[in-house]
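These notes concern the structure reproduced below.
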Amino acid sequence: MNDIESIAQYMRDHKLLLVTAESCTSGLIAATLADVPGAGELLDCAFVTYSVQAKQRCLGVKELTILRYNLTSEEVAREMALGALTRSRANLAVSNTGVVDDTDRDIPAGTQCFAWAFRSISVPEGISMFSATRRFEGDRAEIRRHSAEYALRQIPVHHAQHS
């Protein structure tokens, strides 16, 4: 069993249903999970919100958050995850936003921001949220692949913290 299949089994065992909110990974988080047989019971839907307008319109990311923290920020990733979770029947949202090249002079190429949101009746506010920023090396495709795999590998880690 490979790493992603192990994560899929963990999700099955813990009755986790995923929604993704992806920018930089452009749906690769969802697609990576979808490669596992039986993924239909693990994945509700995926939002690919590459543009600023799509993040705002589809996920409810606030303009002020983008202006204050930049698109490549944990704050934006957290709003993306929350927006996806509230627009889905899923109990887990994973989001990603970042840069894969040197188009942003202020942010190093390969910088990726992630958030994981868990819906729960046992948490007073109903949602547990985790976020992280990582930097990956490689070309565009490698950075996106590493980002998608990292986002999925962290599901059990953060779910254990949430539970």
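Each label was represented as a point 7 Å from its Cα along the Cα-to-Cβ direction; for Ser6 and Glu63 these points are 4.6 nm apart. Comparing Leu18, Leu67, Leu152 in a Gaussian network model of the chain (Cα springs below 10 Å), the most mobile by mean-square fluctuation is Leu67. The distance between label points at Ser26 and Arg135 comes to 2.4 nm (points 7 Å beyond Cα on the Cα→Cβ vector).
For Val36, no residue whose modelled amide H falls within less than 5 Å of its own remains once neighbours fewer than 5 places apart on the same chain are excluded.
Of all the C-alpha pairs in the range 23-136, what % are more than 20 Å from each other? Mind dumping the intermediate values first?
Working: 2588 of 6441 pairs.
Value for the range 23-136: 40 percent of Cα pairs lie more than 20 Å apart.
Summary value for the range 1-149: 23 percent relative contact order, contacts being C-alpha pairs under 8 angstrom separated by 6+ residues. Hey, can you grab everything whose amide H is under 5 Å from the amide H of Gly60? Only 5+ residues off in sequence or another chain; H modelled, so Pro and N-termini drop out. Amide H neighbours of Gly60, under 5 Å, 5+ apart: none. A Gaussian network model of the chain, with springs between Cα atoms under 10 Å, assigns the largest mean-square fluctuation among Arg140, Arg105, Arg68 to Arg105. Amide H contacts of Leu92: Leu17, Val19, Arg119, each under 5 Å away and 5 or more positions distant or on a separate chain (H built 1.01 Å from N in the peptide plane; Pro and chain starts excluded).
Hey, got the dipole for the range 3-162? About the Cα centre, +1 on K and R Cβ, -1 on D and E Cβ, debye to the nearest 20? Walk me through the numbers on the way to the answer.
Numbers: 17 positive and 20 negative charges, 97 e Å.
Charge dipole, the range 3-162, about its Cα centre: 460 debye, nearest 20.
Read-outs throughout are calculated quantities, based only on the coordinates presented, and are distinct from any laboratory measurement. All values derive from a computational prediction rather than experimental measurement. FYI the Cβ positions are ideal-geometry reconstructions off the backbone, even for glycines, and counts take in every protein chain you see.
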